[in-house]
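Structure first, then comments.
The values are calculated or read from the model by the stated rules, or taken from the named source; none is laboratory data. Bear in mind the structure is a predicted one, so any value in this text is a computation, not a measurement. In this analysis, Cβ positions are derived from the backbone assuming ideal geometry, glycine residues included, and neighbour counts consider all displayed protein chains. When the accessible area is computed, the model is the full protein with side chains, heavy atoms only, and any ligands, DNA or RNA have been set aside. Shrake-Rupley method; radii C 1.70, N 1.55, O 1.52, S 1.80 Å.
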Amino acid sequence: MIEYRNVRVALLGAGSVGSQVARLLLEQGDDLAGRAGAGLELVGIGVRDVDAPRDVELPRELYTTDVESLILGADIVVELIGGIEPARSYVLQALNSGADVITGNKALLASHGPELFDAAEQVGAQVYYEAAVAGAIPIIRPLRDSLAGDRVQRIMGIVNGTTNFILDRMDTDGDTLESALATATELGYAEADPTADIEGYDAAQKAAILAGLAFHTAVPLSAVHREGITQVTHEQVVAARKAGYVVKILAICERLTDEDGVEGVSARVYPALVPLGHPLAAVHGAKNAVFVEAEAAGDLMFYGAGAGGVETASAVLGDLVSAARRHVIGGPGVAESTHANLPVFPIGHVTTRYQITLDVADQPGVLAEVAGVLSSHGVSVQNVEQSVGTEAVEGEPLATATLIIGTHRARESDLAATVATLKNSTVVNSVTSVLRVEGA
Ligand code: HSE
């Protein structure tokens, strides 16, 4: 029998992920020790209330409310509390005491990442966070290690299961946003405050983390453009399918060169039209997927469960084995690489394709006038489809038509100016929808 040195693991939080991490650690300790080359000794679980009801039964003596002492006695601290405080203070305390930290806390990393990474670097510790983006899906390590020798051009991620579930229900079952959200909440996908999901905050945090890793640049959360799904209508979803698309909310991280030849990056979250033939269009329900376009590797897609207690625990345990191995071998942790230090461009710099739907007067010259507006802003039309809305009847209001205009790639600021002009045009009754087209 091999005698392993023990690595002391403190777990903070016993929610759906934390309790599964503790269960698996206790049940599969021997296997994990064999893989890590060290025994993973769970020295305690820091909680607010020792007697709170929990999904998984664990030895009561593991629980403690004395979190600070628990941290001080650990080699590795696993933070699964979530939120900013007290998680931030605990993580800093752990790092300052020389412990490695494993966290699934996307909000903390997106808003305080540099502070935590600096603290880790000071003492040669490391912050591991595979569980922070897309739950069980390995995406942090592939970006950090496997693709470290490549140049990532673009990432398109479905990184929020709740909103993917809602949009999928609207598309496949004709469900309303409200009723699909209620189902997602019942099924446990949604955040405690589902605003974080439907307004895109959760996806924006993940976009900031992914963009930082992919482009070796610190990407502050405030620089991530964010639009949620609350404005997505049933009509848009139906029209999208008819036109060969599906509406998906995407986290997009992209390398860009602006008009002056300056290289930078963009990180943004918004609902977009994705062609039905794109691999992301086949991501249904609450599943997540991250599509990576790299210069040498080409297109890669990572797919799986983006949430869930036991699924996310898999990512945490993977980090735990890595951290324990490093403890056995010794040496400092791997610091975050932000050497590229690229500027993060605002949304106006982005170029993409658009689909604009207009309700217009059905009369001579309308098409020419609309085309003139686009051309005056440098936006080039790729295709136009017209369907008649109301027929003209004598004595009745003017006949109307629906114009669906697909554009070539255009700059977001030009498109915004185009839409503003169209809204004021006398031949346009209303701009009924503007959606970006991604992955075409
Ligand atoms: N509320 C999140 C989601 C959980 O729906 O994907 C995982 O971050």
Name the most mobile residue of Glu27, Glu412, Glu130, meaning the one with the largest mean-square fluctuation, in a Gaussian network model of the chain with Cα contacts below 10 Å.
Glu27
Accessible area (Å², 1.4 Å probe, nearest 10) - Asp362:
60
Relative contact order (percent) for segment 140-305, with alpha-carbon contacts under 8 angstrom and 6 or more residues of separation?
32
Hey, can you rank 212-218, 79-85, 185-191 by average C-beta count inside 10 Å, highest first?
212-218, 79-85, 185-191
So what are the three principal axis dimensions of segment 350-437 from its Cα atoms, in whole Å, longest to shortest?
46, 20, 17
Quote the Stokes-Einstein diffusion coefficient, in whole µm² s⁻¹, for segment 95-203, based on the Kirkwood radius over alpha carbon pairs, a temperature of 25 °C and a viscosity of 0.890 mPa s.
153
Segment 16-30 - phi-based ³J(HN,Hα) in whole Hz, Karplus 6.51/-1.76/1.60, Gly and Pro as x:
5, 7, x, 5, 6, 4, 5, 4, 5, 4, 6, 6, 10, x, 5
Taking each pair of distinct Cα atoms in segment 185-233 once, what is the resulting Kirkwood hydrodynamic radius in Å?
11.8
Just to confirm, what accessible area per residue do you get for the chain at 1.4 Å probe, in whole Å²?
43
nm² value of the averaged projected area, convex hull over the Cα atoms of segment 140-305:
10.1
Just need the relative contact order of the chain here, percent rounded to a whole number, with Cα pairs under 8 Å and 6+ apart.
16
If segment 224-354 were replaced by its equivalent ellipsoid, with semi-axes equal to the square roots of 5 times the Cα gyration tensor eigenvalues, what would those be, largest first, whole Å?
32, 24, 13
Under the definition of Cα pairs under 8 Å and six or more residues apart, what whole-number percent is the relative contact order of segment 350-437?
49
Quick check on segment 64-121: take the gyration tensor over C-alpha atoms, sort the square-rooted eigenvalues as a ≥ b ≥ c, and tell me if it's rounded (a/c under 1.5), prolate or oblate.
oblate
Run a plain Debye calculation on segment 18-154 (Cα atoms as equal point scatterers, no solvent) and give log10 I(q)/I(0) at q = 0.14, 0.18 Å⁻¹, rounded to two decimals, same order as the q list.
-0.72, -1.18
Listed residues Tyr4, Tyr245 arranged by accessible area, highest first, probe 1.4 Å
Tyr4, Tyr245
With Ser97 itself left out, Lys, Arg at +1 and Asp, Glu at -1 over residues whose Cβ is under 14 Å from its Cβ give -3
Expressed as cubic angstrom per residue, what is the convex hull volume of the alpha carbon set of segment 274-339?
146
Of Ala99, Ala208, Ala335, the one that fluctuates the most in a GNM where the chain has Cα springs shorter than 10 Å:
Ala335
Using only the alpha-carbon atoms, how far is helix 87-96 inclined from the longest principal axis of the chain? Give it as 0 to 90 degrees, nearest 10.
50
Using a 1.4 angstrom probe on heavy atoms only, work out the carbon and sulfur share of the accessible area of the chain in %.
50
In segment 284-379, which GluC sites (Glu not before Pro) fall in coil by DSSP and have 13 or fewer other Cβ atoms within 10 Å?
Glu295
Hull volume per residue for the chain, using the convex hull of the C-alpha atoms, in Å³ is 151
Antiparallel %, DSSP beta bridges [both residues in the chain], to 5:
70
